[in-house]
Amino acid sequence: MLQTVIMAAGKSTRTYPLTLTKPKPLLRIANKPILAHQLDLFLGLIDEAILIVGYKHEMIREEFGESYRGIALRYVEQREQLGTGHAAMQVEPYIKDRFVLMNGDDLYAKEDLGALLNYRYALLAQEVENPHLYGVLTVQDGLVKDVVEKPEHPLSNLTSVGMYLFDRGIFEMLKQIPRSPRGEYEVTDAVKQLARTEELHYHVSPGLWMPVGFPWSVLTANDFLLQRRPPQGIEGTIEPHVNITGNLSLGAGSVIRSGTHIQGNLCVGENTIIGPNCHIRGNTSIGDHCMITGSNSLINSVIGAHVRVAPFCQISHTVIGDGVLVHSGLVTMSEPMETPTVTSVIKGIPVNSAREQFGAVFASGVIVQPHVVTFPGVKVAPETLITAGTVVKEDL
């Protein structure tokens, strides 16, 4: 029987401020936690999933409980964050034979999983633009020959993307690996040993793996999912004179009021009110129990649960966390000021988002008073109060 192990213990500081208040596997993409998207891959394939948890693990337990759609969930806590290899070692007592080991904070596709299952040992690969951030593969005749973790000068752009098919034999290799220069035990070091002693196959994903490595990755992943699987299903109410050009998923108890225009893919949770006279474009997700009041413009944004947006706001390419209160007149500028793409600061260092449009990120509990303007790429920490008329030019 196949088993799956999902590594969901990390703190994920690169996705701050969103992960200051919740673990990354609970970030919602298209109104569903990343972890739920991952478990969906295994429906009909497994009876139990083993979740390696650590940072804010109680929130994952509260969200998912003891089972998910017929899959029993076993929680194994990684008390020290000593790397992916150390995380994998925690589940040795529970593994019977073949198992899939995967990162808990990226999005994968069922087609890619199915391709891996054709082999005894395999890993998922994808060609990327920034291979220095990943484990770069050396391959020959359909087999992996070597993996170099985050090389300074990559020899190719074919990288391992954090999904592996192993059996119990991998644990003996994990026990032999030393700490990396970062002071961690890396799964990739065990993979290097495996490639020397066994036939380690690889499958190249045709662009279906989607990392969620930065705050703006939530927008990119939301775009990807809503375009690949357009939302559908109307359980709520659509009032007369609502114009829809695109695809709509509307949860139970939700209402779209008259005069609202929807262009693109819109995914709305339960008990949410939108309108009247709102204009929503692009790929947008709005969570449960929200109030998006009249005459608002939303473009390509991700809005959490229990969010209230007062009238006459222009919100573009923006992530809004749970429980945020937005008073009237907010404008989130999203086009780069001086460069082709928007830059945002991560751990004190400017990072190119590679996005031609990226507005703002508001973490949970933020209060935005009237007539605030935010510059492209700014991020606002949880529970921050932005006073009326402020022009936000840098992270708060």
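Just so it is clear, none of the values below were taken in a lab; they were calculated from the coordinates. Given the structure is predicted, the values throughout are model-derived calculations rather than measurements. Using ideal geometry, Cβ is built from the backbone for each residue, glycine included, and neighbour counts are taken over all protein chains shown.
A few points about this structure:
- For the range 221-392, share of DSSP beta bridges that run antiparallel, in % to the nearest 5: 5
- Alpha-carbon centroids, the range 110-174 and the range 248-323: separation in whole Å: 39
- Value of Rg to Rh for the chain, rounded to two decimals, is 0.99; Kirkwood radius and Rg both from alpha-carbon coordinates.
- If you wrap the range 221-392 in the convex hull of its Cα atoms and look at it from every side, the mean projected area works out to 9.1 nm².
- Computed over the chain, the per-residue total of -39500 (n - 2.57) for DSSP H runs of n ≥ 4 gives a 222 nm mean residue ellipticity of -4000 deg cm²/dmol, rounded to 500.
- Treating r as the C-beta distance of Ser297 and Arg14 and R0 as 25 Å, the FRET efficiency rounds to 0.25.
- Protection proxy ranking of 382-389, 128-135, by the mean of other Cβ atoms within 10 Å over each peptide's residues and highest first, is 128-135, 382-389.
- Restraint check, Lys110/Lys347; Lys32/Lys145; Lys32/Lys96; Lys145/Lys347, Cα-Cα greater than 32 Å: Lys110/Lys347; Lys32/Lys145; Lys145/Lys347
- Listed residues Leu51, Ala221, Gly114: farthest to the positive end of the dipole of the chain (Cβ charges): Ala221
- Fraction of antiparallel bridges per DSSP, the chain only, in percent to nearest 5: 30
- GNM flexibility winner over the chain from Asp223, Asp105, Asp141 (Cα, springs under 10 Å): Asp141
- Rounded to whole Å, the principal axis extents of the Cα atoms in the range 3-213 read 45, 36, 33, largest first.
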